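Working notes for the structure below.
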Amino acid sequence: MTAYLLVNFGGPREVREIEPFLKELLLDRDVIRTKFPTWLHGWFFGRIAKKRALKIREDYERIGFSPIYKDTEAMRGALESAFNSPVFTFHRYLPATHADSLLKIEECKQKEIRVVPLFPQFCYGTTGSIARFFSERLSLAAAQKLRWIKSYAAHTAFIGSWQKRIAKFLVEKKLEEKNTILFFSAHGVPKTFIDEGDPYEEECKESVSALMERFPNILSRLAYQSKFGRGEWLLPSTEEECKNALAWTQGRREIVIVPISFTSDHIETLFEIEELYLPIIRSSGLNAHRCPALNLEPEWISALQTIASERDLCENQRLVREM
């Protein structure tokens, strides 16, 4: 029998988890890649995490904290019932949950643990980061059981679940396809990631291309959000595209922002898109809407079952970036 492991970003569930969440994120050398020695990187970004925790506390309180943890655990229950097999979870930036997750993986009796990342497009800063975490903290015997679904950017089940999510949203908002633009917003990464061989940008484009085949009467646009720190990130920027919306809408009045790289809503969608980006577009006289992420839509749960059953798997160490 096969066991399954859902891995996700994780998000603070209460005020006291904001700083540990940010510290775990910023000290991750697959996410923040500096040439600092380990002690200096830890000291410097530990201070930034402490300051930033105070700055964004109000943002998290405004959205009622992150729903990612609850969503992932609900998916675990649904898949466990569907597969009649053990299903575990791992929340990368919730350190309070790590010990329990690692123990369950170590104690798993099944010979294979199939890992399903809730990141559709592969990136060494998300899926790769978790693979490194496991390689450094699991026993060799446990790590060798892991078999990964690397990505599913254009998988028909994933695309189909987004198609139904978007179609349902258009009906709810009474939006006509001929007057609508789907503005896809993916989480950005530094351009150096792509220069070093990360396939993330190409896989984001594959997702949009596959999805737009199912909406032939709607225009589309892809941009990248949530830049952090200095340096060049993937372009175009979601924020800048919002400011210049009138230049690319081609006379259409309805813009629907679709968080194509997010399977669960989080601060990037509930606050950043909702509170920061939509008002910019509306200030140009256009109508702007945020399509919810897949969250716990039945079609998405069904899609996960299909994706988790695929046989194109890879070993944990193959997903770890060379430092």
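The values are calculated or read from the model by the stated rules, or taken from the named source; none is laboratory data. It should be emphasised that the depicted structure is a prediction, and the values quoted were computed from it without experimental measurement. For neighbour counting, all protein chains shown are included, and Cβ atoms are generated from backbone atoms with ideal geometry for every residue, glycine included.
Out of all the residues in the range 150-165, which are within 16 Å of SER261 (Cβ to Cβ) and in contact (Cβ under 8 Å) with a residue 60 or more places away in the chain? Quick ask: steps written out before the conclusion?
Applying the first criterion (within 16 Å of SER261 (Cβ to Cβ)) to the range 150-165 yields 150-155, 158-159, 161-162, 165.
Scanning the range 150-165 gives LYS150, TYR152, HIS155, PHE158, SER161, TRP162, ARG165.
Here is a check on your reading of the model: is SER129 out of contact with any helix residue (DSSP H, G or I) (no Cβ under 8 Å at 6 or more places or on another chain) and among the small types (Gly, Ala, Ser)? In short, yes. Residue pairs whose Cβ atoms lie under 8 Å apart, sitting 6 or more positions apart in sequence or on different chains, and linking a residue in the range 127-143 that is not assigned by TED's automatic domain parsing to the domain that holds ILE113 to a partner that is assigned to a helix (DSSP H, G or I) and basic (Lys, Arg), do not occur here. Against the definition (part of a strand (DSSP E or B) and either at pLDDT below 95 or within 21 Å of ILE218 (Cβ to Cβ) (or both)), how does PHE169 come out, yes or no? No, not satisfied.
Helices (runs of 4 or more DSSP H) fully within the range 179-297 that include at least 2 residues being surrounded by fewer than 21 Cβ atoms within 10 Å (Cβ to Cβ), assigned by TED's automatic domain parsing to the domain that holds GLN163 and within 16 Å of the chain's Cα centre (by Cα): 200-212.
When ASP28 is tested against (1) within 21 Å of VAL189 (Cβ to Cβ); (2) out of contact with any helix residue (DSSP H, G or I) (no Cβ under 9 Å at 6 or more places or on another chain), exactly one condition is not met: (2).
Considering only the range 142-177, state which residues are farther than 21 Å from PHE88 by Cβ and hydrophobic (A, V, I, L, M, F, W, C). Walk me through it before giving the result.
Let us first name the residues in the range 142-177 that are farther than 21 Å from PHE88 by Cβ, namely 153-177.
Answer for the range 142-177, where residues must be farther than 21 Å from PHE88 by Cβ and hydrophobic (A, V, I, L, M, F, W, C): ALA153, ALA154, ALA157, PHE158, ILE159, TRP162, ILE166, ALA167, PHE169, LEU170, VAL171, LEU175.
Going through (1) out of contact with any helix residue (DSSP H, G or I) (no Cβ under 7 Å at 6 or more places or on another chain); (2) touching a residue at least 24 places away in the same chain (Cβ under 8 Å) one by one, GLN121 falls short only on (1). In contact with a Pro (Cβ under 8 Å, 6 or more places away or on another chain) and at pLDDT 95 or above, is that true of ALA245? No; evaluated as a whole, the condition is false for this residue.
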